[in-house]
Amino acid sequence: MKAAFVHLSDIHFGQERDGGTNAENADAKKRLIEDARAEVGKLGGKVHGVIVTGDIAYSGNDDEYTLAGQWLADLTDAIGCERSDVQMIPGNHDIDRGKITDMIETILFAIREGGDEWLDRNLDNQDSCKVLYERFDAYKGFALDYRCELDLNGGISTSARLELAPGRAVRFVRLNSALICSNKKEEGKLILGARQRTLPMEEGEEFVVLSHHPLHWFQDSEKARGFLRGRARVFISGHEHFPKLEIVDVENGCQLMMLAAGATAPDQIDDRYTYKYNILAFEWDGENDALAVSLNPRTWDGSVARFRRDDEFMDGKDERQVLGSPNFRRAPKPSVHEELAAAVGDLVEEPLAAAGSEAPDDEHPAAAPAQTGEAGEAGIELVEAEPSQDVRDLQLRFFQELSQGARLTAFVDFGVVAQIKGRIDHAMERRLFRRAVRQGMAKEIEQLLDEAKSGKGGSEE
């Protein structure tokens, strides 16, 4: 049975403020949801979620992620998966470039000139490492709601594992290719770093690696390519807005699919660039004991103003590609009984044993005692536990369906804080939400959301 995903890249929420075409972009995004609903309905299997390979926002601002969250909610509802079933990685537009000061630019320049050694030196320095990740503040809070948190030490934190058959799984590995992006020309100068490019190996698992930037944007691209060729089965990238598919014959019985995505909302619409997305399906090919990937590329047809299959992109290639998968063959093959009973499992987030991997600094195993007082410019320190799936889904609804004004009013009404002063960012709101749940307000939050949905309140700023 196939496990299907809607794959997006370069959605660029907020680019209209930089001269984009708001009405056309909004219409294309609505038509994409309609098209995805129809196409995944033809597959017959379970839709496991959405994959976004970077540039969710355009300027890395909170309001852009609010718009993105609302649209992703509509998309996941339409294709029939949970709203939290979204995998994402950051792109260069997910950086708040307003935070790139002269000091930060100097650090980034030194890293680009010094390579791996200077990258590790700054990652191992607490102050320098914090400076590198402050540019991702809005993205970090947004991604954490989907369990796609960044590793804050330059490594791979968690990855999603999907069992296709007994002893046969794919693991989605998320890379932060934008870690040393700045305001300068960067092709060929970025660095993945050893902590990200050193992929582990596991019998029975084949890797699908997600990176916003294609390999040639990195100065350590050849080292990264070696690990991909030897240890991954699929490499998916975005950034360049022009799609490309290549099947690399690494050696006998080993292949690597290189998929460069088009942009869901490119900066310009012309003869070369238009709205694009993909529908991907993964399955175990029992006959060849291999990973099979089916690709349905979708492109905007301006002559009828809707999406269609992109036959030009496929360039005669088969829709279903069976990739030689040595990590499958290294594990015991499922018995005939297991093959007959096999069904695709759920997508599960798990730590990936890789160099430099550690938990984000705002996630802790135990919750702190409830506090009261003000939230705002002075800030309050809230320590939170990892939420259950039900709480995470409720949290997504809370941020997707209520305006910020309604959310902040709710925090005061629920007694989470006495008053709110100054600017509250997403990370602080998320902590206040978790506190409300710990204080037993989950049912009240659900009631508030139901009332807002029925038009009784909660939707106005």
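Please treat every number below as a calculation from the coordinates, not as lab data. These figures come from a predicted structure and were not determined experimentally. Reconstructed Cβ throughout: ideal geometry from the backbone, glycine too, with neighbour counts over all protein chains shown.
Obtain the nm distance between the two label points defined at E287 and R308 by a simple spin-label model: each point lies 7 Å from its Cα along the Cα-to-C-beta direction.
For the pair E287/R308, the computed spacing is 3.2 nm.
Before anything else, pin down the relative contact order of region 182-286: Cα pairs under 8 Å, at least 6 apart, normalised by residue count, whole percent.
Computed value for region 182-286: 20 percent relative contact order.
Computed from the mean reciprocal separation of all distinct C-alpha pairs, what Kirkwood hydrodynamic radius does region 1-62 have, in Å? Before the final figure, lay out the partial values.
Values: mean 1/r = 0.0757 Å⁻¹.
Every distinct Cα pair counted, the radius reaches 13.2 Å.
How big is Rg to Rh over region 43-95, alpha-carbon atoms, Rh as the Kirkwood inverse-mean-distance radius? Intermediate results must be reported in sequence, preceding the final value.
Details: Rg = 12.1 Å, Rh = 11.7 Å.
Result for region 43-95 is an Rg/Rh of 1.03.
Could you list the GluC sites (Glu not before Pro) in region 144-186 that lie in coil according to DSSP, counting only those with at most 14 other Cβ atoms within 10 Å of their Cβ? Working shown, then result.
Values: sites: E149, E163, E186; in loops: E149, E186.
When the GluC sites (Glu not before Pro) of region 144-186 are filtered for loop state and at most 14 Cβ neighbours within 10 Å, nothing remains.
Taking square-rooted eigenvalues a ≥ b ≥ c of the alpha carbon gyration tensor, is region 1-109 rounded, prolate or oblate, where a/c under 1.5 means rounded and, failing that, a/b exceeding b/c means prolate?
prolate
Quick one, could you list the DSSP H helices from the chain stretching 24 Å or more along their long axis (Cα atoms) with average Kyte-Doolittle hydropathy of -0.5 or above?
For the chain, where a helix must reach 24 Å along its axis and average at least -0.5, the hits are 62-79.
Mind pulling up the Rg/Rh value for region 166-232? Radius of gyration and Kirkwood radius, both on Cα.
The Rg/Rh ratio comes out at 1.03.
Just to be sure I understand the model, the point goes 7 Å from the Cα along the line to the Cβ. What's the resulting R31 to K453 distance in nm?
3.0
So for region 18-129, if I pair up every lysine 8 or more residues apart or on another chain, how many of those pairs have alpha-carbons under 26 Å apart?
Within region 18-129, the lysine pair count is 4.
How large is the dipole of the chain about the Cα centre if only Lys and Arg carry +1 and Asp and Glu carry -1, each at its Cβ, rounded to the nearest 20 debye?
420
In Å and from the alpha-carbon atoms only, list the Rg and Dmax of the chain.
Cα only, the chain: 22.0, 66 Å (Rg, Dmax).
Label region 190-313 by shape, choosing from rounded, prolate and oblate, from the square roots a ≥ b ≥ c of the eigenvalues of the Cα gyration tensor; if a/c is under 1.5 it is rounded, and otherwise prolate applies when a/b is larger than b/c, oblate when it is not.
Values: a/c = 2.73, a/b = 1.42, b/c = 1.93.
Oblate, since a/c reaches 1.5 and b/c is not below a/b.
What does the charge count around T76 come to, taking other residues whose C-beta lies under 10 Å from its C-beta (Lys +1, Arg +1, Asp -1, Glu -1)?
Taking every Cβ under 10 Å from that of T76, the sum is -3.
Does region 399-440 come out rounded, prolate or oblate by the C-alpha gyration tensor, with a ≥ b ≥ c the root eigenvalues, rounded set by a/c under 1.5 and, if not, prolate when a/b is larger than b/c and oblate if not? Write down the numbers at each step before the final one.
Numbers: a/c = 1.36, a/b = 1.16, b/c = 1.17.
It is rounded, given that a/c, with a ≥ b ≥ c, falls under 1.5.
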